[in-house]
Amino acid sequence: MAKLWYLGHSTFYLEGEGLKALIDPFLTGNPWGIAKPEDFTDLNYIFVTHGHGDHLGDAVEIAKRTGATIVSIFEVAQYCQFKGANVHAMHIGGTYNFPFGRVKLVPAAHGSSVIEGDRVVTLGSPCGIIVEVEGKNVYHAGDTGLIADMELLGKYENIYVALLPIGGNFTMDIRDAAIAAELIKPALAIPMHFKTWPIIDAEPEDFKSLAEARGVNVQILNPGDELEF
Ligand code: NI
Ligand code: MN
């Protein structure tokens, strides 16, 4: 069995055969307060969808302390390597077979940057990440608007769990996320990136209704909940 643990916002712990990973490890300053960086001592991978602070989060510190490899888009990986982390750089459309399974980076419509002093430093394209764990594909959409590329995921990528932002303003809202779910055709869609701050105050139950009307099975994880699959 693989295990997915929701840490609030877009942060997940994913575990399965050969894999102990965090995805978008925003722990310090995460208003949900489910876990702290130091709670993670035994990790082998950290997946990062883009450079924004609520996604890159504590990736560098955790990677340096645990020896975990940061897997991300080339520019984010390079940035993390300069900060002292082990990295595996990939890019949009690229697939790599890791010992635990296949990873593919896919498009996301968003930005990617970090703040260095009073400067905004752009770090290439944002991405979504498909991680194969125990033969099942977990798609973490990162931050993204609704894009036609998602139809390709539904046709060709056999997504088992789709983690989709629903909060609006910076990403898809519940309506667009429900359309995304219809395009991606996962066995299970799980909403994320909602209610962390007032500006993304979307109701996951409303997303569930809209997505289920489009024929997609939805499970709402409350921050701190775990799913086995
Ligand atoms: Ni973002
Ligand atoms: Mn975000």
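The values are calculated or read from the model by the stated rules, or taken from the named source; none is laboratory data. Please read all numbers here as calculations on a predicted model, not as lab measurements. In this analysis, Cβ positions are derived from the backbone assuming ideal geometry, glycine residues included, and neighbour counts consider all displayed protein chains. Note: areas computed on protein heavy atoms with side chains; ligands, DNA, RNA excluded. Shrake-Rupley method; radii C 1.70, N 1.55, O 1.52, S 1.80 Å.
Run through all the Cα pairs of the chain and give the fraction in each 10 Å bin from 0, expressed as whole percent.
Pair shares across the bins are 9, 37, 40, 13, 1.
Give me the percent of accessible area attributable to carbon and sulfur for segment 1-128, probe 1.4 angstrom. Mind dumping the intermediate values first?
Working: 2590 of 5170 Å².
After summing per-atom areas, the C and S share lands at 50 percent.
Put one equal scatterer on each alpha carbon of segment 76-129, apply the Debye formula with no solvent term, and list log10 I(q)/I(0) at q = 0.13, 0.15, 0.24, 0.26 1/Å to two decimals.
Per q value, in the given order, log10 I(q)/I(0) is -0.39, -0.51, -1.04, -1.12.
Kirkwood Rh over Cα pairs of segment 9-114 into Stokes-Einstein at 37 °C, 0.692 mPa s: D in µm²/s? Please list the in-between numbers first.
Details: Rh = 13.7 Å.
For these conditions, the coefficient is 239 µm²/s.
Per residue, how many Å² of accessible area does the chain show with a 1.4 Å probe?
Values: 9360 Å² over 229 residues.
The answer is 41 Å² per residue.
Report Rg/Rh for segment 96-229, rounded to two decimals, where Rg is the Cα radius of gyration and Rh the Kirkwood radius. Could the numbers behind the result be given before it?
Values: Rg = 15.0 Å, Rh = 15.3 Å.
Expressed as Rg/Rh, it is 0.98.
With just the Cα atoms defining each centre, how far is segment 3-32 from segment 176-229? Give it in Å.
With segment 3-32 and segment 176-229 each reduced to a Cα centre, they are spaced 17 Å.
Can you tell me the relative contact order of segment 17-162? Whole percent, Cα pairs under 8 Å, sequence separation 6 or more.
Values: 328 pairs, mean separation 26.8, N = 146.
Relative contact order comes out at 18 percent.
Taking Cα atoms of segment 164-229, Rg/Rh with Kirkwood Rh, to two decimals? Don't skip to the end; give the middle numbers.
Numbers: Rg = 11.1 Å, Rh = 11.7 Å.
Taking Rh as the inverse mean 1/r over Cα pairs, Rg/Rh reads 0.95.
Might you report the magnitude of the Cβ-based charge dipole of the chain about its Cα centre, with Lys and Arg at +1 and Asp and Glu at -1, to the nearest 20 debye? Could you put the intermediate results ahead of the total?
Details: 16 positive and 29 negative charges, 97 e Å.
Charge dipole, the chain, about its Cα centre: 460 debye, nearest 20.
How much length, in nm to one decimal, is gained on full extension between residue 156 and residue 229, taken as 0.36 nm per residue of separation minus their Cα-Cα distance? Walk me through the numbers on the way to the answer.
Details: separation 73, 0.36 × 73 = 26.28 nm, distance 2.09 nm.
My answer for the length gained is 24.2 nm.
Quick one: which of 67-74, 97-104 comes out on top by average Cβ neighbours within 10 Å, and what's the full order, highest first?
Going from most to least packed, we get 67-74, 97-104.
I'd like the projected area of segment 83-173, averaged over all directions, using the convex hull of its alpha carbons. Report it in nm² with one decimal.
Values: hull surface 28.9 nm².
The orientation-averaged projected area of the Cα hull of segment 83-173 comes to 7.2 nm².
What pairs in 64/208; 155/195; 83/104; 64/104; 36/185; 20/83 have C-alpha atoms more than 29 Å from each other? Walk me through the numbers before you get to the answer.
Details: 64/208 38 Å; 155/195 31 Å; 83/104 24 Å; 64/104 24 Å; 36/185 33 Å; 20/83 22 Å.
Going by Cα-Cα distance, 64/208; 155/195; 36/185 fall outside the 29 Å limit.
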